[in-house]
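Peer 1: Below you'll find the structure I mean.
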């Protein structure tokens with residue numbers, strides 16, 4: 001019985017328990033004085049369903065983890081395993097092939113010796129799948145009987161269900177927090193290893209980036225200067241992209257909130273926010289095939305002979321278009337949240353609509369607008385695909401936007417997907433770059449959240 005069947009069985013038994021408990025709770029309402037019971041029938045139903053489904057699901061997950069080892073252990077006790085070689089890679093390969101065929105994940109074995117193990121694996125699978133099915137049903141019935149017999153008109157099912165929901169929410173929060181902590185710890189330890197090989201000064205302030213993942217000589221700190229990467233990330237994501245995104249996002253928000261009719265707003269706002277749902281790889285193709293050649297031709301037309309097809313301005317332009325919805329949505333909500341009385345008062349005192357927007361609405365909504373800009377910057381500096389396809393891989397420290405540049409994210413991908421070992425400083429440099437990017441992004445998000453908090457305190 002596949003693990004998916006055990007999960008479906010647990011959910012199915014939970015549904016049966018839910019229906020039975022709900023019917024029993026309705027019977028309590030018919031017989032109780034004035035038809036009043038402590039909790040609604042739905043809470044009684046969920047109480048029983050949780051007692052059936054949760055223990056069964058936990059067992060199904062645990063059984064799915066341990067049953068393969070039990071199956072293999074039983075097969076190894078079969079006389080057919082005498083054809084296997086001594087313990088090693090070849091032996092494990094034959095066992096895996098036979099297991100895959102028996103489980104239906106493969107149609108045949110590559111090693112003829114493994115064919116004799118298919119039937120023992122099938123027998124073992126059938127045995128342990130039957131055991132798992134039986135235990136799942138028993139656990140579900142035991143939990144359901146325990147919960148069902150506790151149901152009474154005065155039973156506090158609502159309190160118990162809410163506690164269970166709170167426990168699930170707490171568990172979800174802990175998973176998110178522990179995942180974040182794990183990522184940070186891995187970055188810290190690998191970054192420390194990297195700085196044990198390369199000087200932090202050379203890394204943070206060096207101007208030459210050309211690590212060789214295949215080099216076996218002593219690490220040369222002069223090749224690990226990441227300043228061009230930091231500059232490329234800021235130049236593309238925080239300068240060029242924001243030059244495009246801030247005016248377009250802010251002006252579109254002003255139009256939608258102050259000038260557009262309700263019909264136009266209902267049509268234009270979803271169309272504008274569609275930009276946020278386009279995959280970044282599509283933006284990358286658009287930048288590489290359309291924007292970059294156009295930028296190169298335009299640069300050459302005005303006399304810039306060394307303009308490259310892969311350029312910072314091409315990547316920045318497309319990246320700016322991508323993050324327009326971030327700026328527009330935050331600015332839209334911020335302007336709309338400004339009390340109507342402020343705008344009406346300005347108009348009543350003789351100011352024009354443009355003056356009201358410039359002198360009243362924008363300053364009042366500025367904290368929210370700044371928060372949107374900060375979130376957009378943090379999104380832009382973490383972008384990878386557009387940079388890969390449009391900006392190039394050359395680490396240049398230059399102000400010329402028509403030259404090829406690279407960013408931190410591109411180099412992280414290049415170092416981690418290369419052929420170097422994880423003990424090599426070139427590979428470990430990806431973790432140091434990731435640590436720097438994490439700290440910068442964290443700082444930007446922290447600033448944005450602080451600004452949003454201030455904005456909410458002022459107008460909510």
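Peer 1: Across the range 143-158, what is the number of residues that are in contact (Cβ under 8 Å) with a residue 40 or more places away in the chain and assigned to a helix (DSSP H, G or I)?
Peer 2: 7
Peer 1: Would you call residue 436 modelled with pLDDT of 85 or more and part of a helix (DSSP H, G or I)?
Peer 2: Here the answer is yes, as residue 436 does meet what is asked.
Peer 1: Can you say whether residue 63 is under 21 Å from residue 134 (Cβ atoms) and modelled with pLDDT of 85 or more, as far as the supplied structure shows?
Peer 2: yes
Peer 1: Collect the residues in the range 267-286 that are surrounded by fewer than 11 Cβ atoms within 10 Å (Cβ to Cβ) and either at pLDDT below 85 or in a helix (DSSP H, G or I) (or both), keeping them in residue-number order.
Peer 2: Hits for the range 267-286 are 270, 271, 274, 277.
Peer 1: Follow-up question, since we're still on this one. I need a count of the residues in the range 376-397 that are more than 24 Å from the chain's Cα centre (by Cα) and not in a helix (DSSP H, G or I).
Peer 2: Within the range 376-397, residues that are more than 24 Å from the chain's Cα centre (by Cα) and not in a helix (DSSP H, G or I) number 6.
Peer 1: Write out, first by first residue and then by second, each pair whose Cβ atoms fall under 6 Å of each other, whose residues are 6+ apart or on separate chains, and whose first residue, in the range 2-24, is without any contact (Cβ under 8 Å) to a residue 60 or more places away in the chain while the second is surrounded by fewer than 21 Cβ atoms within 10 Å (Cβ to Cβ).
Peer 2: Here the result reads 22/41, each pair linking the range 2-24 to a residue that is surrounded by fewer than 21 Cβ atoms within 10 Å (Cβ to Cβ).
Peer 1: Just the residues that are under 35 Å from the mean Cα position of the chain (by Cα) and loosely packed, with under 14 Cβ neighbours inside 10 Å, please, taken from the range 319-375.
Peer 2: 363
Peer 1: Give me the pairs, please: first residue somewhere in the range 302-330 and outside the structural domain of residue 371 (by TED's automatic domain parsing), second residue anywhere and modelled with pLDDT of 90 or more and assigned to a loop (DSSP other than H, G, I, E, B), beta-carbon distance under 9 Å, and either six or more positions apart or on two chains.
Peer 2: Pairs that qualify, where the first residue is outside the structural domain of residue 371 (by TED's automatic domain parsing) and the partner is modelled with pLDDT of 90 or more and assigned to a loop (DSSP other than H, G, I, E, B): there are none.
The values are calculated or read from the model by the stated rules, or taken from the named source; none is laboratory data. Fair warning: this is a prediction, and the values are worked out from it, not measured in the lab. Neighbour counts are summed over all protein chains in view; Cβ atoms, including those assigned to glycine, are modelled from backbone coordinates with ideal geometry.
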